[in-house]
1. Among the residues of region A:83-97 satisfying the criterion of being within 14 Å of chain B (Cβ to nearest Cβ) and touching a residue at least 60 places away in the same chain (Cβ under 8 Å), which is surrounded by the fewest Cβ atoms within 10 Å (Cβ to Cβ)?
2. Could you tell me whether region A:132-154 includes any residue that is under 17 Å from the mean Cα position of the chain (by Cα) and either within 14 Å of another protein chain (Cβ to nearest Cβ) or among the small types (Gly, Ala, Ser) (or both)?
3. Do we find a residue being among the charged types (D, E, K, R), out of contact with any Pro (no Cβ under 9 Å at 6 or more places or on another chain), farther than 27 Å from residue A:108 by Cα and surrounded by fewer than 17 Cβ atoms within 10 Å (Cβ to Cβ) anywhere in region A:170-181?
4. Could you check how many residues of region A:66-82 are surrounded by 21 or more Cβ atoms within 10 Å (Cβ to Cβ), at the interface with chain B (Cβ under 10 Å from one of its Cβ atoms) and in contact (Cβ under 8 Å) with a residue 60 or more places away in the chain?
5. Within region B:59-81, does at least one residue satisfy the condition of being closer than 30 Å to residue A:91 by Cα, at pLDDT 95 or above and in contact with a helix residue (DSSP H, G or I) (Cβ under 9 Å, 6 or more places away or on another chain)?
6. Within region B:211-221, identify whether any single residue is touching a helix residue (DSSP H, G or I) at 6+ places or on another chain (Cβ under 9 Å), buried (at least 19 other Cβ atoms within 10 Å of the Cβ) and part of a helix (DSSP H, G or I), and answer yes or no.
7. For region B:168-188, name all the residues that are within 14 Å of chain A (Cβ to nearest Cβ) and hydroxyl-bearing (Ser, Thr, Tyr).
8. For region A:315-340, how many residues meet the condition of being part of a loop (DSSP other than H, G, I, E, B) and either β-branched (Val, Ile, Thr) or more than 21 Å from residue A:205 (Cβ to Cβ) (or both)?
Amino acid sequence: MTSVSGWGRFPVVDSEVLRPRSFGAVDAAVVAGSVARGNGRAYGDAAIGAARTIAMTGFDRIRSFDPATGRIRLEAGVLLSDLIDTFGPQGFLPFVVPGTRFVSVGGAIAADVHGKNHHGEGGFGRYVDSILLRTGAGETIEVSREQNSDAFFATVGGMGLTGVILDAAMRLRRVETGWIRERVVSASDLDAAMRALEAGNSATYSVAWIDCAARGRDLGRSLIYLGEHARADELAERADRFPVGKKPGLTVPVDLPSMTLNRYSIRAFNELYYRMGARRAGADHVVSLYPYFFPLDSINEWNRIYGRRGFLQHQCVIPEAGAREVLGEILERVAKRGDASFLAVLKKLGYGDGLLSFPQPGYTLALDFPVKGDILNFLEEIDRIVVAAGGRLYLAKDARQSRATFEAGYPALSRFKAIRRSLDPACNIRSKLSQRLFDEVKP
Amino acid sequence: MTSRKSVLVLGGSSDIGRAAARAFAKAGYDVALAGRDVAALEPDAADLRARYNIEASTRTFDVLDTASFDGFVAGLPALPDVVISIVGLLGVQQDAESDLAHATTIMRSNYEGPALILGLFAEKFLARGSGTIVGVSSVAGDRGRASNYVYGSAKAGFSAFLSGLRARTSRGGVHVVTVKPGFVRTRMTEGLKLIGPLTVEAPVVGDAILNAVEKKIDVIYVSGKWRLVMFIIKTLPEALFKKLKF
C-alpha cells in the first residue's frame, strides 16, 4: 500500500500502485477496485483506485504519425508536454490543451479537458478519433464515434471508469509557429469582464484572470487574455519559429507555512498582478505558447504553496442565463472570506461531448482554497448556489462534492451507469471518486 | 546510402536504453535497438520513426550468450558510429550470497557480457579508425558496499575495463565513455528506496549520454552531486567504512 493523492494533495489515501510495462500486464493488473492514473494532475481523488491504482506513464510511445494530415496514434501515457516538444517544431500542436502541459493523453481523454478555446473549438475528446479500451470485464475493444459509440461517449469525460485507456488515435492542429498573438483587455468589474469575454467569443483563445480579493465596485475586476496562433510573417525576424519549452526553473522547495497565504498577501498580489497586466492592455504582442497556455508550469510543485494540508479547487460552470448574478454572489462571498486563491479564472465554455464531460454552455469559474478551517462547509454553501443555478462541478478538480450536488449537475449519469454496467458488469473499475459519488457496490 | 550517424543500443528495452535511443534519434542519429525480446523492441523502434523521421531497426542480443557475439557483430548491416551498452542486472544481494547461479548471472550480466561485446566493437572501431563506445556502469562500482557488493564488484570490473580500453584506444580515434548514473527511477530500481535529491529520471541520463558522446567526455556522473558523494565514500578509511550500514 502506498499513500496516494492528487495534485491538490487532498485527500491522501492508501492504494496499491502498480506500474505495468505491457498491455498484457495491464490485463493482469485490473482487479476489483482498480483505476488507471496518468501523470497525477487530477486535483482530487479521480485517479486513485478504490483498491489499486494502475500507473500508465510508462506507456509513452508514439505508434504512428502522418505529417500530411496531423493524424497520430499514441499510447495513453504520452504527456502533452512530450507531444508539444516533439511535434511542435514539426508544425503540429494538440487542438486542446488545459492549463498544464504535464497531463497524459489518457488523462486528458478521461477528463475531456478543456482549454482556452472551448467556446469555439470544444474539448480534448472532439479531436480523438478512436480509443483502445481495456474494459473492466477483461476485453480489449476499439471505441470510436462509429464503433461502440456508446462506450466512446462514456469514455470521453468518463474519468477512467469505463476501463483503462491503452492508446488513442487523434488529430493534431497544424500551426505555422509556436507563438501566440495575445491581446490583454482590462475589465474594471464583473460586468465588463463578461462583456469582454462575450466580445472575445470570436477569438480562438480567451480567458479571464479575476482579482478575487476585489470587492464592492471593483468586484470581478479582471484581465482578459485573447489569443490567436501567430503566423510566421507576424514574428519578429530574430524569433525562432518554435520557442523552446524550458524545464520549470523554479521549484517550491518545501511546503510553505499556511500563514504565507492570508488576506493581505493575496490582496497585495492581486493588486500588483492587475496593475501590471493593465499596463500591457491594448496592443497585440507575440508571446511563446508556453507562458500563454501554461502560466503555472514555470514553477515546479506549485501545489506546495498551499501548505502541507493541500488545497481544494472549486471549478463550476454556470449556464449563461442568470450567470451574472450567480457569479457575482459567489465572488462576493469569496472576497469576504479573503483566503481564496491568488487568482481566479473565468472563461466561457461551449457544449461538451462526453456523457460526463464537464463543459456546458456558460461561464466557468475556478478558485483555489487552502484546506483549513471551515472550508468544506463554505464550499458546500457555494455548491448550493451552483446547483440552484443549474450548474455543475468539474470532476477532474473535485475532491469533496456530495452525491446530491453531483447528481443534480450531471443528468446523463443514469445513461453513463448503464453503459458502464454493460462494459464491466462486476464493476471492477472503481476509483475513490466513483465510490464517493455514484458507485452502488459497497467498498 | 545515408550520411546520418548511427547508434546501436544494447539493452534497448530498458528505461535508460529507451531514453538514450530517443536522445540520439532526436539529434538525428539512425538507431538500432538490441535486446533479448526483439518483438518487444518493435514498438520502441516505431516510436522513434514516428517522432524523429529517422531509421530505426531491432536486433536480437543476449548478453549472457557470449558465443553469439562474433556472429552478432558480423551480422550487423553496417558498423555503427556509436555503440552503447546499457545491459545490467541488479539482482538480489541476499540471494547471491548463497546462490552461486544467481551470483554468476549478476557478475556475467554486468561485467563479462558487456565487456566482451564492447571489446569486440573496439577492435572493429580501431580497424576503421573511428567510433564511440559507451558503457553504462554504476556508482556502485566505486566502492563495494555490504548491501550490494556482488553487483558493485561486477560494475567495478566493468568500469576498470572501460578505463583501460579508453587508455588503449584513444590514440586510435576511438572514444570510450563511462557513465555512472547514480539513482535513476527505472524498472530496475522500482520498489527500492531512492534518495529524492540524488535521483534522476531516465531521460536525464539519455541526454547526458548524448552530451558526453558529442563532447567527448570520458567519465560522467549524471548528477554532479554523485561525484561529491562518491568522493566522500571512496575516501572513507576502511576501518570506518566497514562499520557503516549501507
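1. Looking at the filtered set, the residue picked out is A:89.
2. The answer is no, given that none of the residues of region A:132-154 is under 17 Å from the mean Cα position of the chain (by Cα) and either within 14 Å of another protein chain (Cβ to nearest Cβ) or among the small types (Gly, Ala, Ser) (or both).
3. Among the residues of region A:170-181, not one is among the charged types (D, E, K, R), out of contact with any Pro (no Cβ under 9 Å at 6 or more places or on another chain), farther than 27 Å from residue A:108 by Cα and surrounded by fewer than 17 Cβ atoms within 10 Å (Cβ to Cβ), which makes the answer no.
4. Within region A:66-82, residues that are surrounded by 21 or more Cβ atoms within 10 Å (Cβ to Cβ), at the interface with chain B (Cβ under 10 Å from one of its Cβ atoms) and in contact (Cβ under 8 Å) with a residue 60 or more places away in the chain number 3.
5. No, there is no match, as no residue in region B:59-81 is closer than 30 Å to residue A:91 by Cα, at pLDDT 95 or above and in contact with a helix residue (DSSP H, G or I) (Cβ under 9 Å, 6 or more places away or on another chain).
6. Checked against the condition, which is being touching a helix residue (DSSP H, G or I) at 6+ places or on another chain (Cβ under 9 Å), buried (at least 19 other Cβ atoms within 10 Å of the Cβ) and part of a helix (DSSP H, G or I), region B:211-221 yields at least one hit.
7. B:186, the sole residue that qualifies.
8. The first filter runs over region A:315-340 and keeps only residues part of a loop (DSSP other than H, G, I, E, B), leaving A:320-322, A:338-340.
Restricting the remaining residues to those that are either β-branched (Val, Ile, Thr) or more than 21 Å from residue A:205 (Cβ to Cβ) (or both) gives A:321-322, A:338-340.
Counting residues in region A:315-340 that are part of a loop (DSSP other than H, G, I, E, B) and either β-branched (Val, Ile, Thr) or more than 21 Å from residue A:205 (Cβ to Cβ) (or both) gives 5.
The values are calculated or read from the model by the stated rules, or taken from the named source; none is laboratory data. This one's a predicted model, so the numbers in the text were calculated from it and none came from an experiment. Methodologically, a virtual Cβ is constructed for each residue, glycine included, from the backbone with ideal geometry; neighbour enumeration extends over all protein chains shown.
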